[in-house]
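S.K.: Just dropping this structure here.
The values are calculated or read from the model by the stated rules, or taken from the named source; none is laboratory data. Since we're looking at a predicted model, the values are computed, not measured. All Cβ positions, glycine included, derive from the backbone under ideal geometry; neighbour counts span all protein chains shown. Ligands, DNA and RNA are excluded from the accessible area calculation, which covers all protein heavy atoms including side chains. Shrake-Rupley method; radii C 1.70, N 1.55, O 1.52, S 1.80 Å.
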Amino acid sequence: MKNAFNKILFRSIRNNKIRFLSIMAIIAIGVGFYAGINATEPEMMNASDQYYKKQNLFDLRIYSPLGLEEKDFEQIRKMKDVQSVQEGYMKDLFLTTKDGNTYTVRIYSYDPEDYRDKKGMNRLRTAEGRLPKKQGEIAVEAGNYAPKEIKTGGKITLAAAEGEQLNEILPTDTYTVTGKVYSPLYINYDRGQTTIGDGSVDLYAYIPEQDFLIEANEAYITTKKSEQMMTYSQEYEKHSEQVQKQLNKTGIQAMKSKKDALSAELNTEKVKLEKEKHEAEKKFTQAEQKLHEAEESLNKSEKELEETERAAKKKLDQTAKELDVHEQKLTDTKREYEKNYARWKKGKQKYIEEKDRLHEERKKIDEAGRKIFRTESELQKQKEMLEDGKVQLAQLKQTVDALEILISDITNNPPENKAEYSAFIDRTPIPGHVKEQLKNLPYYKEHRAAITDEIAGIIKSLQTEESVIRKQIDEGIAAYEKGTAELQNIKRTYTKGREQFKFAERELQRAKEKLDRTKLQLDHALSEIKVHENKLAEANERLKKEEEKAEKEFNKARTNLSEAKVELAAEREKLEREKEKAFTKMEEAEDQITSALEQLNAMPEQWFVETRESVPGYSGYRDDAERIGEVAKIFPLFFFLVAALVCMTSMTRMIEEERGQIGILKALGYSTPKITANYLFYALVASLTGAVAGLAAGFHIFPSTIMNAYGIMYNIPVQISGFHMNYAVISLVLATLTTTMAALAVTVKELRSSPSVLLQPRAPKPGKRIWIEKIPPLWSRLSFSHKVTFRNIFRYKQRFFMTVLGIGGCTGLLITGFGLSDSINDILDRQFHDIFLYDGQIVLDPEKTNAEDIKKIIASEKNISSYLPIVNMNANVSANGEQEFIETNLMIPEKTKSFDRFVHLHERRSKKAVKIPDEGAVISEKLARLLDCKAGDEIYVKINGGKTYPLKVHAVVENYLSHYIYVTPEYYEKVTGERPEYNSVFIKLKNKSKVDERAFKERLMEHESVLGAVLMQTVIDEFKDTLDNLNYVVFILIVSAGLLAVVVLYNLTNINITERIREIATIKVLGFRSREVDLYVYRENIILTIIGIMTGFLLGIVFHKYVIHTMEIDSMMFGQNVHFTSYIWSVLLTMLFTIVVNFLMHFKLKKIDMVESLKSPD
Amino acid sequence: MSFIQFRNVHKRYQMGEVTIHAVKGISFNIEQGEFTVVVGASGAGKTTVLNLLGGMDSLSEGTIIVNGKEISSYNERQLTEYRRNEIGFVFQFYNLVPNLTAKENVELAAQLSKNPLDPEKVLEQVGLKDRMDNFPAQLSGGEQQRVAIARALVKNPQLLLCDEPTGALDDKTGKNVLKLLQDTAKQTDMTVIMITHNSALTAMADKVIRMKSGEITKIETNEHPLPVERIEW
């Protein structure tokens, strides 16, 4: 009997296998997700705790730049909370690999003695090789962050920072890498900050403790109580802070005494130095005195030499002057001589001219004499000729007379023949030629007349000749007479001229005599001049020689003197040098002492007592874990609620369907509790198995996947405890309660009816008109099947709400998941692409920097395309000056105009650009939200922890990381009365992808005024790593939500169909085609899905808002909006799931047997 | 040729390892316009016959010819069309769509048919003119069955199949329903096949097929079927 009853239970499980499984699955997913995600934070905390405990990470660390002494350690050891103390050494150095790359390394000490008997803190995990044992051995950090080129067995060299000596720190600079280790002091990529190199530590390393030549400067402490405490727990934090306080107190005293001792020592040294300085000064003064004296005597000699020289020169000058006088005189004489000589020469010239003239005159006179003679002879000739003429004339007359006688003879006594005639002619006195002429004439006595005529003709021509001669004689006589007269004149003139010449000749002779006399005088004078000249030349020669001699002597003296001078100068220089050297040395020593004193004064009043918070990544890990914890707070709860809701309805439906069976059992006489127990048991089995499975899977899957994702960032080994009582209990209770309570409620409700009622077919739920029918135009237009669909949708309210909530929940979860991813990624995209447009920031020391320096720095770096000096200072802000202050960045760009190219300030919703106003401040959005203020309000800014100033808020701008307040330099100056000191430069780069960051930074760091440089790409990359892990978590959320959506949809559709098998069978009998049957069911599903999706939108927006609100930390703002694509994705995924589920349902519908329609409804 | 011909029809169900032989090689003919009652005890196989005839189930062996068409060779799709166009079905438990009013339930069927009758007229015919807009839950059992009959008739089917239409009704109501069926058959010359376990109802049939354990024990023909009013049980 009991068996049969139990059979009912198992059979109902078997018959409703799918339902049972789906309830189980939903519970499993819900519980698994809820518990798993919730367990992640404690698992992460636990894993870290285990790791820290295993590696025995210190609880507190003391770092004292002045070193720690044995008595300090003693004192610490004596403190009541302290369990153990371990001394350590730490030094930041430069490490150069064999490839030549230099890194900033933080060197720690390793002492194997510490680790004996399972003791020792900060145990190293050896990844490869071994730990260093002896001098010159080093173990470097293992893992992905260490430079790859450092290999175990290789060698590296170490170097000290500027201003330090390596040999004062370590005995050697070459180290052999013995192995690679993980130190629990570093759990993520962060290696901390330093003051050397580019400002950040690149890696850490361990060397044997005995290698350190400096004093121990670190003390690691574990406390007695910490063993029992969880790291990160409030209890632990409180405890370690308390011990920190105590140690601080001790530290103050220890530091004071140490500082006092040191300063006393320094002061003693200072006094000593003063004394040394004094003595040195005295010594140098003496030496200087000596030198001075030597110089004086030298000066005296120089003066003497000068005087002597002057005297000698004077004498020589006098001589020279005398000689000059002589010369002058001689020159005068010479000039006189020249003058006389010239005069003489002129005279001589004149004489020669006169002489020449006289000579000419003589010639003329002689000529005249010769002419006179010539004229006389001529005249004689003329006289002779005249005489001849007269003779001729007489002859002519005789001839003529002879001839006339002849004629008469011839005529009167004619010769008989020719002989007679020639004889006749011969006898006649006539000139021969005429005789010849006449003789030649033929003579004939009978023709005597012709001869006579001829003779007559001759007579006549002779007579003509006679007249001509006569005339000529007459003329000649006249001319002769004239000539004779003229000659008489000339003869007179000649005589007179001769007399004159004779006189001139005498005069000339006298002049010549005088000239010759003068010449003699001149020659004498000349010879005298010559003598004088010679004398003078000799004198000059003598003078010159004397001068040369003097010059030579003086030169020698002078050379001696200047040599002495040079010697003196050298000596002086030497002294100066020595003095400077001595003083520099002393000054250096003094400076050292001063700076040591200053440093000492600047040294903290106490030790640097640090808790584990100082471990890089320690707080980051907690933040990451807590962030997941925050995600876990809400998201899985929604998730779980959706799952529980669906389970609850599933359960309800199932029991309602089993109504007939309940009736039978009741009719058979089973008691109400027994029947109830039956269904309770069903619910319990389903929910418990589901929950247990979910817990078993969830506790492992979620923490381990998430932790593995974070494992990339953290060196903390993944360790899963796998069970969390609190979450197990909560989820088990919630899961079973929701299902069993639903089962209980429904069973009890059903059992209230009498068995007969139960056995009868359940009164069909009354059909009801729905509100759409009240809109006739709409309703009448709907096709028939649509009407059914709508009626169905609105009639089964429970199913409606269940489906809509189920699908809506899933869509909402998907939207939340995607939206979370959007919100997280928006931080990066918006902050670094939309808002921060600059590529890097150079941090400057404002005290060493002016505008020129900035220009110089920028000019030295060709990669920089533009820059803007800016003030970036810490400021604390409060809404009213009393409330809690929030840490912000006060930004004062030098130029507001170009600022937009570096930081694009804009309002988030409207995207409207915001300019920094002349009056008032622009603040970032999250800050405004935290302060609860808006444009127009006043906020109070405390600058550098000093005075508080009110600022007027002008606008609120979009911003995601940290808080910012932007003001103009003018407004800042107006408010604070101080000029802004630009301590930063925003830069934009030309080829930012090509810039080698390390080299770029190192080049910048070479400038004295540059304190540091940051490239935004690095910031982005680092931030991206964090976000990627968070994204991974979100991815898990999305996948889980998807999974839940599939199961929920399947379950809902399944319920929907099971409930309506009869109806579906009936319409099949009526002749609905398979497609029509599908549509008859799907249409409803589709509409419900659409309504569900729309509800999901609302739920998603609310969930998302809530989740990001819970997750957000104060210094960060998440992207506020879900992206459009995320809605689309969520909708598409939900639709896809619906389609898949409906597709599966098609086969189920097809399998529905029409015979079902014939069965009685139960 | 008869309107309906069953030729050596077998139907076997495989239930796990057991084979149930529900119909064991039956043969019969039904003429057009005949009102046939199939009677037999529970498990006699009468419902199977109705299922086979209604195209809701496929036979294992034999031939079924309806209106000259061999429906036994039809595939599922053809059977759907057959049900859609030729068959009207009245269920024992009415099987109205609870979410539709009386009129809408009728319209639902009318939509399927090629040449449906006017739903309102049919409803008037079954005497539910005033209750057309009521939901099934607001109707009594008899009224619901009338709606079901109207739903079957509105398709203007060749063949009306009724599965114990009075099984869930009290006598008086049952009689009304049966009368409606009988009158309709007569008026429209529709072939009606009704299965019942109530032998009393055989009197109203033109033809009676008696079944037992999957076999036909007897086929009777009533020359003068009685009007329902005169049958007492």
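S.K.: Mind listing just one residue for me: the one in the range A:1073-1094 that is open to solvent by less than 40 Å² (accessible area, probe 1.4 Å) and away from chain B (no Cβ under 14 Å) and, of those, farthest from residue A:640 (Cα to Cα)?
M.R.: A:1082
S.K.: What are the pairs, 6+ residues apart or on separate chains, where a residue within the range A:427-450 that is without any contact (Cβ under 8 Å) to a residue 60 or more places away in the chain has its Cβ under 6 Å from a residue that is in a loop (DSSP other than H, G, I, E, B)?
M.R.: Hits for this filter: A:445/A:414; A:448/A:414.
S.K.: Right, next: Which of the following residues is part of a helix (DSSP H, G or I), open to solvent by 20 Å² or more (accessible area, probe 1.4 Å) and either more than 30 Å from residue A:39 (Cα to Cα) or hydroxyl-bearing (Ser, Thr, Tyr) (or both): A:551, A:626, A:613, A:630? Before the answer, list the steps.
M.R.: Numbers: A:626 fails: either more than 30 Å from residue A:39 (Cα to Cα) or hydroxyl-bearing (Ser, Thr, Tyr) (or both); A:613 fails: either more than 30 Å from residue A:39 (Cα to Cα) or hydroxyl-bearing (Ser, Thr, Tyr) (or both); A:630 fails: either more than 30 Å from residue A:39 (Cα to Cα) or hydroxyl-bearing (Ser, Thr, Tyr) (or both).
One residue alone meets the criteria, A:551.
S.K.: Within the range A:945-998, which strands (runs of 3 or more DSSP E) (wholly inside it) include 3 or more residues that are open to solvent by 10 Å² or more (accessible area, probe 1.4 Å) and of a type outside the set (S, T, N, Q)? Don't jump to the end; show me each part of the working.
M.R.: Details: elements: A:948-957, A:964-966, A:984-989.
Here the list reads A:948-957.
S.K.: Sticking with this structure for a sec: Within the range A:127-232, considering only strands (runs of 3 or more DSSP E) that don't extend past its boundaries, which have at least 3 residues that are more than 24 Å from residue A:111 (Cβ to Cβ)? Please lay out each step first, then the result.
M.R.: Working: elements: A:137-141, A:155-159, A:174-182, A:203-208, A:218-223.
Strands (runs of 3 or more DSSP E) meeting the threshold: none at all.
S.K.: So residue B:190 fits all but one of (1) among the aliphatic types (A, V, I, L, M); (2) within 14 Å of chain A (Cβ to nearest Cβ); (3) buried (at least 17 other Cβ atoms within 10 Å of the Cβ); what number is the exception?
M.R.: Of the numbered conditions (1) among the aliphatic types (A, V, I, L, M); (2) within 14 Å of chain A (Cβ to nearest Cβ); (3) buried (at least 17 other Cβ atoms within 10 Å of the Cβ), the odd one out for residue B:190 is (2).
Each row is one residue, and each column tells you yes or no for (1) without any contact (Cβ under 8 Å) to a residue 60 or more places away in the chain; (2) over 30 Å from residue B:79 (Cα atoms).
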| position | (1), (2) |
| --- | --- |
| A:1022 | no, yes |
| A:1037 | no, yes |
| A:1051 | no, yes |
| A:1071 | yes, no |
| A:1076 | no, no |
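S.K.: Continuing with this model, one more query. Do you know which of the residues in the range B:162-184 that are part of a helix (DSSP H, G or I) and within 14 Å of the chain's Cα centre (by Cα) is farthest from the other protein chains (Cβ to nearest Cβ)? Write out each step before concluding.
M.R.: Here is the first cut: in the range B:162-184, the residues part of a helix (DSSP H, G or I) are B:171-184.
Still in the running and within 14 Å of the chain's Cα centre (by Cα): B:177-178, B:180-182, B:184.
Working: B:177: 17, B:178: 19, B:180: 19, B:181: 18, B:182: 22, B:184: 18 Å.
Per the stated criteria, the residue is B:182.
S.K.: Further question on the same structure: Would it be correct to say that residue A:706 is in contact with a His (Cβ under 8 Å, 6 or more places away or on another chain) and either open to solvent by 20 Å² or more (accessible area, probe 1.4 Å) or assigned to a helix (DSSP H, G or I) (or both)? Reasoning before the result, please.
M.R.: Numbers: in contact with a His (Cβ under 8 Å, 6 or more places away or on another chain): no; either open to solvent by 20 Å² or more (accessible area, probe 1.4 Å) or assigned to a helix (DSSP H, G or I) (or both): yes.
No: the conditions fail for residue A:706.
S.K.: So which residues in the range B:88-102 are farther than 12 Å from residue B:149 by Cα and more than 7 Å from chain A (Cβ to nearest Cβ)?
M.R.: None; the set is empty.
S.K.: If you take the residues in the range A:403-448 that are assigned to a loop (DSSP other than H, G, I, E, B) and among the charged types (D, E, K, R), which one is most open to solvent (accessible area, probe 1.4 Å)?
M.R.: Taking the range A:403-448 and keeping what is assigned to a loop (DSSP other than H, G, I, E, B), we get A:413-417, A:428-431, A:440-447.
Restricting the remaining residues to those that are among the charged types (D, E, K, R) gives A:416, A:445-446.
Working: A:416: 104, A:445: 59, A:446: 138 Å².
Among those that are assigned to a loop (DSSP other than H, G, I, E, B) and among the charged types (D, E, K, R), it is A:446.
S.K.: Restricting attention to the range B:59-80, which residues are within 12 Å of chain A (Cβ to nearest Cβ) and under 19 Å from the mean Cα position of the chain (by Cα)?
M.R.: Of everything in the range B:59-80, those that are within 12 Å of chain A (Cβ to nearest Cβ) and under 19 Å from the mean Cα position of the chain (by Cα) turn out to be B:79, B:80.
S.K.: Check whether at least one residue in the range A:914-922 is over 25 Å from residue A:1117 (Cα atoms) and either among the hydroxyl-bearing types (Ser, Thr, Tyr) or exposed (fewer than 15 other Cβ atoms within 10 Å of the Cβ) (or both), and report yes or no.
M.R.: Yes, the conditions are met somewhere in the range A:914-922.
S.K.: With respect to residue B:83, determine if the residue is among the basic types (Lys, Arg), assigned to a helix (DSSP H, G or I) and either away from every other protein chain (no Cβ under 11 Å) or surrounded by 17 or more Cβ atoms within 10 Å (Cβ to Cβ) (or both).
M.R.: Values: among the basic types (Lys, Arg): yes; assigned to a helix (DSSP H, G or I): yes; either away from every other protein chain (no Cβ under 11 Å) or surrounded by 17 or more Cβ atoms within 10 Å (Cβ to Cβ) (or both): yes.
Yes; evaluated as a whole, the condition is true for this residue.
Residue-wise test of (1) among the charged types (D, E, K, R); (2) open to solvent by 20 Å² or more (accessible area, probe 1.4 Å); (3) farther than 17 Å from residue A:1013 by Cα.
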site	(1), (2), (3)
A:842	no, no, no
A:845	yes, yes, no
A:849	no, yes, no
A:856	yes, yes, no
A:859	no, yes, no
A:864	no, no, no
A:868	no, no, no
A:878	no, no, yes
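S.K.: If only one of A:564, A:570, A:557 is more than 18 Å from residue A:310 (Cβ to Cβ) and open to solvent by less than 40 Å² (accessible area, probe 1.4 Å), which one is it? Even if it seems obvious, please write down each step before you answer.
M.R.: Details: A:570 fails: open to solvent by less than 40 Å² (accessible area, probe 1.4 Å); A:557 fails: more than 18 Å from residue A:310 (Cβ to Cβ).
Of A:564, A:570, A:557, the one residue that is more than 18 Å from residue A:310 (Cβ to Cβ) and open to solvent by less than 40 Å² (accessible area, probe 1.4 Å) is A:564.
S.K.: Could you check, for the range B:103-115, whether at least one of its residues is out of contact with any helix residue (DSSP H, G or I) (no Cβ under 8 Å at 6 or more places or on another chain), within 17 Å of residue B:11 (Cβ to Cβ) and surrounded by fewer than 22 Cβ atoms within 10 Å (Cβ to Cβ)?
M.R.: As a first pass, look at the range B:103-115 and keep what is out of contact with any helix residue (DSSP H, G or I) (no Cβ under 8 Å at 6 or more places or on another chain): B:115.
Going one step further and asking which of them are within 17 Å of residue B:11 (Cβ to Cβ), we end up with none.
Among the residues of the range B:103-115, not one is out of contact with any helix residue (DSSP H, G or I) (no Cβ under 8 Å at 6 or more places or on another chain), within 17 Å of residue B:11 (Cβ to Cβ) and surrounded by fewer than 22 Cβ atoms within 10 Å (Cβ to Cβ), which makes the answer no.
S.K.: For the subset of the range A:1110-1162 comprising residues that are assigned to a helix (DSSP H, G or I) and basic (Lys, Arg), which member is most open to solvent (accessible area, probe 1.4 Å)?
M.R.: Top of the filtered list is A:1151.
S.K.: Something else about it: Is one or more of the residues making up the range A:1095-1102 crowded, with 20+ Cβ neighbours inside 10 Å, in contact with a helix residue (DSSP H, G or I) (Cβ under 9 Å, 6 or more places away or on another chain) and within 14 Å of chain B (Cβ to nearest Cβ)?
M.R.: no
S.K.: When residues of the range B:124-142 are filtered for being away from every other protein chain (no Cβ under 12 Å), open to solvent by less than 40 Å² (accessible area, probe 1.4 Å) and not hydrophobic (A, V, I, L, M, F, W, C), how many remain?
M.R.: Count: 1.
S.K.: Out of A:832, A:794, A:801, A:790, report the one residue that is open to solvent by 30 Å² or more (accessible area, probe 1.4 Å), touching a helix residue (DSSP H, G or I) at 6+ places or on another chain (Cβ under 6 Å), modelled with pLDDT of 75 or more and assigned to a helix (DSSP H, G or I). I'd like the intermediate steps shown before the answer.
M.R.: Details: A:832 fails: open to solvent by 30 Å² or more (accessible area, probe 1.4 Å); A:794 fails: touching a helix residue (DSSP H, G or I) at 6+ places or on another chain (Cβ under 6 Å); A:801 fails: touching a helix residue (DSSP H, G or I) at 6+ places or on another chain (Cβ under 6 Å).
One residue alone meets the criteria, A:790.
S.K.: Anything in the range A:893-913 that is open to solvent by less than 30 Å² (accessible area, probe 1.4 Å), of a type in the set (A, V, I, L, M, F, W, C) and within 18 Å of residue A:956 (Cβ to Cβ)? List them, or say none.
M.R.: Those that are open to solvent by less than 30 Å² (accessible area, probe 1.4 Å), of a type in the set (A, V, I, L, M, F, W, C) and within 18 Å of residue A:956 (Cβ to Cβ): A:899, A:903, A:905.
S.K.: Continuing with this model, one more query. Identify the residue in the range A:1055-1072 that is open to solvent by 10 Å² or more (accessible area, probe 1.4 Å) and assigned to a helix (DSSP H, G or I) and, among all such residues, is farthest from the other protein chains (Cβ to nearest Cβ).
M.R.: Only one residue fits best here, namely A:1058.
S.K.: If residue A:78 passes every condition in (1) closer than 22 Å to residue A:201 by Cβ; (2) open to solvent by 10 Å² or more (accessible area, probe 1.4 Å); (3) out of contact with any helix residue (DSSP H, G or I) (no Cβ under 6 Å at 6 or more places or on another chain) but one, which one does it miss?
M.R.: Status for residue A:78: all satisfied but (1).
S.K.: What do you reckon, is residue B:46 more than 14 Å from chain A (Cβ to nearest Cβ), under 30 Å from residue B:223 (Cα atoms) and of a type in the set (D, E, K, R)?
M.R.: Working: more than 14 Å from chain A (Cβ to nearest Cβ): no; under 30 Å from residue B:223 (Cα atoms): yes; of a type in the set (D, E, K, R): yes.
It is false that residue B:46 is more than 14 Å from chain A (Cβ to nearest Cβ), under 30 Å from residue B:223 (Cα atoms) and of a type in the set (D, E, K, R).
S.K.: Residues in the range A:112-123 that are open to solvent by 30 Å² or more (accessible area, probe 1.4 Å) and assigned to a loop (DSSP other than H, G, I, E, B): how many?
M.R.: At the first step, the residues of the range A:112-123 found to be open to solvent by 30 Å² or more (accessible area, probe 1.4 Å) are A:112-119, A:123.
Keeping just the survivors that are assigned to a loop (DSSP other than H, G, I, E, B) gives A:119, A:123.
Final tally of qualifying residues: 2.
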